Structures are given as C-alpha cells and as structure tokens.
Amino acid sequence: DPIHQGHLRILSAVESRFDSLFLIPSGQPRLRTDKPAASGAHRVEMCTAALGDLPDSLQEKVSVLDLEVNRSGPTFTIDTINQLRMIYPRDTFTLILGSDAAAKLDQWYRADALQKVVEILVVKRPGQGKSGFTEVEINALDISATQVREAIAKRADLAPMLSPSVRTYIKENGLYGSK
C-alpha cells in the first residue's frame, strides 16, 4: 500500500519458477493495526498499472485478483487460499512472503493449516536472518510501503521506489497526500 519496485522485483525474480502468478492486494490484515491508506479499488488499480510497466512476457503470467479487498472485516490468507483452491482445484499454490512477514507467520490466523495447503517461499530482505522456510535471494530492494508513503508526504523523488504508471496513478488520484 502502495505496490512498489520491491514487489515488482520479486515478480521478475521468481517468474521462471511458476506457470502463473497472482498479485492479491490485501484486504484488512488482522495483524495490521491501521487500515490501508488507499481504498481497495485504488490498490487494485495501482497493481494493474504497475503490471503495465513490466515486460510483456511477465505481464502475461501475472493476474491481479481483488478477492481480499472485496471481503468485509479482517482478511485471512487461509481463506484466500481456500477460495483459490475452489477456483483452481487441480493447482498447487506457493505463498511468496518477505522475510519480515515470514518472521510473524506463527501469529497468522490458522498458520498451521495454511502451511499444510501451500508451500512458503521467502524472499530474503537485506539484513534479515534465516526464516526456516524455503528461501530465495534475489538482491531484494530494501523498500517498504511505509517508506514510500513517507517519501510521498515529503515530496521526495519517487522514481527509485515506484514504477512510472504507479507514480502517475498516485498523483492523478491525490493518494497518500500527493498533489
């Protein structure tokens, strides 16, 4: 919130491992104390805009799904995975997490059940220790959505943090205090 270059780097780095990738903006995660800064509709649109800045071959593999932002109340990853399993009953799923999220996975709702129905792939962030899950090192960017929102508020240069289409979308829609 918003999607940033770190997220896009992950998509590019793992694309060869998967037949398809789903980009799912979160609804209202239980462990997040504050609500997302942008509406679900805006976050879905920013994800869609960001895909337009990726190479065509990657765009063809990635779908933006609005499953979570359309749910009311707290959203749980296990519910999203179960919904995907109903839609795609013959497929297997891998949940791609950053090191920071993986470190808190034991606090997630029904974490044990989740780990039984998905493989966990952890993208190591700079300076993070081992997660205990399958890990991939991709020279991940050390960018957080919090840093992006702070940079927008300070009117800092966003080019290193956001793709061109996302920067445009944020400015055109006045998100995160931009003008």
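How large is the charge dipole for the chain, taken about the Cα centre, if only the Cβ atoms of Lys, Arg (+1) and Asp, Glu (-1) carry charge, to the nearest 20 debye?
Taking the Cα centre of the chain as origin, the dipole is about 460 debye.
Between helix 40-51 and the chain, what is the angle of the helix's C-alpha long axis to the longest principal axis, kept within 0 to 90° and rounded to the nearest 10?
90 degrees
Quick one: Debye curve from the C-alpha atoms of the range 1-66, no solvent, what's log10 I(q)/I(0) at q = 0.13 Å⁻¹?
-0.37
Between residue 172 and residue 94, what length in nm is gained on full extension when 0.36 nm per residue of separation is reduced by their alpha carbon distance?
Gain on extension, residue 172 to residue 94, equals 24.6 nm.
In the range 64-137, what is the volume of the convex hull around the alpha carbon atoms, normalised per residue and reported in Å³?
That works out to 114 Å³ per residue.
Before I look further, what does the range 65-179 give for accessible area per residue, probe 1.4 Å, in whole square angstrom?
Ligands and nucleic acids excluded, the figure is 59 Å² per residue.
What angle, in degrees between 0 and 90 and rounded to the nearest 10, separates the Cα long axis of helix 5-14 from the longest principal axis of the Cα atoms of the chain?
Once rounded, one gets 40 degrees.
Can you give the alpha-carbon Rg of the chain over 2.2 N^0.38 Å, where N counts its residues?
1.01
Please report the carbon-and-sulfur percent of the accessible area for the chain; probe 1.4 Å, protein heavy atoms only, DNA, RNA and ligands left out.
Accessible surface attributable to carbon and sulfur in the chain totals 47 percent.
Return one quarter of the surface area of the convex hull spanned by the alpha-carbon atoms of the range 88-178, equal to its mean projected area, in nm².
Approximately 8.3 nm², given one-decimal rounding.
The values are calculated or read from the model by the stated rules, or taken from the named source; none is laboratory data. The model shown is predicted, which means the values in this text are computed figures rather than measured ones. Cβ coordinates were reconstructed from backbone atoms using ideal geometry, including for glycine residues, and neighbour counts include every protein chain displayed. All accessible areas refer to the heavy atoms of the entire protein, side chains included, with ligands and DNA or RNA removed. Shrake-Rupley method; radii C 1.70, N 1.55, O 1.52, S 1.80 Å.
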